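See below for the structure under consideration.
The values are calculated or read from the model by the stated rules, or taken from the named source; none is laboratory data. Since this is a predicted model, take the numbers as computed values, not measurements. Here Cβ is always computed from backbone atoms with ideal geometry, including for glycine, and neighbour counts include all displayed protein chains. Each accessible area value is taken on the protein alone, full model and side chains, heavy atoms only, with ligands, DNA and RNA left out. Shrake-Rupley method; radii C 1.70, N 1.55, O 1.52, S 1.80 Å.
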Amino acid sequence: MKNTALTEKHISLGAKMVPFAGYNMPVQYEGINAEHATVRGSVGVFDVSHMGEFIVKGENALDLIQRVTSNDASKLYDGKVQYSCLPNEDGGIVDDLLVYRIDEATYMLVVNASNIEKDWNWIQKFNDKGVEMHNISDQTSLLAIQGPKAAEALQSLTDVDLASMEYYNFVKGTFAGIENVIISATGYTGAGGFEIYFDNANAVAIWDAIFEAGAPFGIKPIGLGARDTLRLEMGFCLYGNDIDDTTSPIEAGLGWITKFSKKFTNSEALQAQKEAGVARKLIGFEMIDRGIPRHDYEIVDAEGNVTGRVTSGTQAPSLQKAIGMGYIDKALAKEGTEIFINIRNNKIKAKVVKFPFTK
């Protein structure tokens, strides 16, 4: 099992460590609900250094990215980030990812930890024009500083005007006295904030600087447990749960990152699917009756017929109610439709709601 450059920090802070995507990761410190509230109300820090980063460069870098990703990367400009996915050849998704345009011939792809090798091999399969690729995952640390006070908490560490940075933009600058740090405003919590990419050698110094600067704002370390409840309240997909090799981006509600103005892997089949309509859709639901939906629980109709399956579910700390996501027959996917979750052979009432759960 791999460690991040900050594993010893987490252990010293009393984090509960668990195996995740081949890494030894902190799942919680003081508790998921308290950590969730910290991020929604003030500011918290996630070590997400297990994520993968690839540098793709050369005159044909954009051409390669255009052929393997679903979104239109030609719309990017220097300092802009794009959410996208890698479609497979069977209608599913190899992975979802972020595409960073550093300059016209240099891009950084940020992929899920569990898919680093899989994604690398998939992209290389299409790299027939000599595009230079570097897997910098093992030498790169990544911190996500999330919450409404993130900009204030970090501003003393950089000359970059954090408060004015637009969503899905980034800059490369000096942070905590370290040069060539990527400061990005993407986020996976819906609470606002920044992601900081830097070399492993600087991890401890940057971690310590963030907590010193953020102390007046009540900054705290946050584990992956709260990361999951925060992203679920926003209706953000988690690879391996809500999207995978068997789910199409159209079914998953990701038509907005699936652009048919260009050709990419399986684009003709996905375009036909979009035009014909899908048989099932990824929906959000909230529980009406008492019960917590969990991954892979059956979704049934009033007669008990199985109409879908839960992909993610939890008791949402901000909402004080149980919520979930799942694929369901299109006929039942309309907002307000009453459905049931099969929990220990009991039909527990729920209703379809729009994303995000938390406004």
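Kindly provide the set of residues from segment 226-249 that are farther than 14 Å from VAL45 by Cβ and open to solvent by less than 30 Å² (accessible area, probe 1.4 Å), ordered by number.
At the first step, the residues of segment 226-249 found to be farther than 14 Å from VAL45 by Cβ are 228-229, 231-249.
Passing the criteria: THR229, ARG231, LEU232, GLU233, GLY235, CYS237, ASP242, ILE243, THR247, SER248, PRO249.
For segment 287-304, indicate whether the set of residues that are in a strand (DSSP E or B), touching a residue at least 40 places away in the same chain (Cβ under 8 Å), open to solvent by less than 50 Å² (accessible area, probe 1.4 Å) and not β-branched (Val, Ile, Thr) is non-empty. Please lay out each step first, then the result.
Filtering segment 287-304 down to residues in a strand (DSSP E or B) leaves 287, 298-300.
Imposing the further condition that a residue be touching a residue at least 40 places away in the same chain (Cβ under 8 Å) reduces the set to 287, 298-300.
Cutting the leftovers down to open to solvent by less than 50 Å² (accessible area, probe 1.4 Å) gives us 287, 299-300.
Right, trim to not β-branched (Val, Ile, Thr) and you get 287.
The answer is yes, given that some residue of segment 287-304 is in a strand (DSSP E or B), touching a residue at least 40 places away in the same chain (Cβ under 8 Å), open to solvent by less than 50 Å² (accessible area, probe 1.4 Å) and not β-branched (Val, Ile, Thr).
Identify the residue in segment 305-325 that is polar (S, T, N, Q) and open to solvent by less than 70 Å² (accessible area, probe 1.4 Å) and, among all such residues, is farthest from ARG231 (Cα to Cα). Per the criteria, the residue is THR307. Any residue in segment 12-22 that is closer than 20 Å to GLY193 by Cα, open to solvent by 20 Å² or more (accessible area, probe 1.4 Å) and among the small types (Gly, Ala, Ser)? Checked against the condition, which is being closer than 20 Å to GLY193 by Cα, open to solvent by 20 Å² or more (accessible area, probe 1.4 Å) and among the small types (Gly, Ala, Ser), segment 12-22 yields no hits at all. Kindly indicate whether any position in segment 35-50 is open to solvent by 50 Å² or more (accessible area, probe 1.4 Å), in contact (Cβ under 8 Å) with a residue 40 or more places away in the chain and among the acidic types (Asp, Glu). For segment 35-50, residues open to solvent by 50 Å² or more (accessible area, probe 1.4 Å), in contact (Cβ under 8 Å) with a residue 40 or more places away in the chain and among the acidic types (Asp, Glu): absent. Say whether the condition of being buried (at least 21 other Cβ atoms within 10 Å of the Cβ) and assigned to a helix (DSSP H, G or I) is met by at least one residue in segment 119-131. Checking segment 119-131: at least one residue is buried (at least 21 other Cβ atoms within 10 Å of the Cβ) and assigned to a helix (DSSP H, G or I). Being in contact with a strand residue (DSSP E or B) (Cβ under 6 Å, 6 or more places away or on another chain), over 22 Å from SER49 (Cβ atoms) and assigned to a loop (DSSP other than H, G, I, E, B) is the filter here; which residues of segment 85-118 pass it? Once the filter is applied, which keeps residues that are in contact with a strand residue (DSSP E or B) (Cβ under 6 Å, 6 or more places away or on another chain), over 22 Å from SER49 (Cβ atoms) and assigned to a loop (DSSP other than H, G, I, E, B), segment 85-118 yields ASN88, ALA105.
With respect to the conditions (1) more than 21 Å from the chain's Cα centre (by Cα); (2) touching a residue at least 24 places away in the same chain (Cβ under 8 Å); (3) more than 21 Å from ASP138 (Cα to Cα), PHE175 falls short on a single one, namely (3). When LYS274 is tested against (1) open to solvent by 30 Å² or more (accessible area, probe 1.4 Å); (2) under 25 Å from the mean Cα position of the chain (by Cα); (3) closer than 21 Å to MET234 by Cβ, only condition (3) is not met. LYS259 - would you say it is within 18 Å of SER70 (Cα to Cα) and surrounded by 18 or more Cβ atoms within 10 Å (Cβ to Cβ)? Against the criterion (within 18 Å of SER70 (Cα to Cα) and surrounded by 18 or more Cβ atoms within 10 Å (Cβ to Cβ)), LYS259 qualifies. Look at segment 346-359: where a residue is of a type in the set (Gly, Ala, Ser) and a partner is modelled with pLDDT of 95 or more, sitting 6+ places away or on another chain with Cβ atoms under 6 Å, you get ALA350/PHE285; ALA350/MET287; ALA350/ILE288; ALA350/ILE339; ALA350/ILE341.
Selection of strands (runs of 3 or more DSSP E) fully inside segment 16-83 by the criterion of at least 1 residues being of a type in the set (Asp, Glu) returns 44-47, 52-57. Only one entry in GLY223, GLY193 is closer than 27 Å to GLU8 by Cα and open to solvent by less than 10 Å² (accessible area, probe 1.4 Å), namely GLY223. Scanning segment 199-216 for residues that are within 22 Å of the chain's Cα centre (by Cα) and farther than 17 Å from GLN146 by Cα, we see that the one that is surrounded by the most Cβ atoms within 10 Å (Cβ to Cβ) is ALA203.
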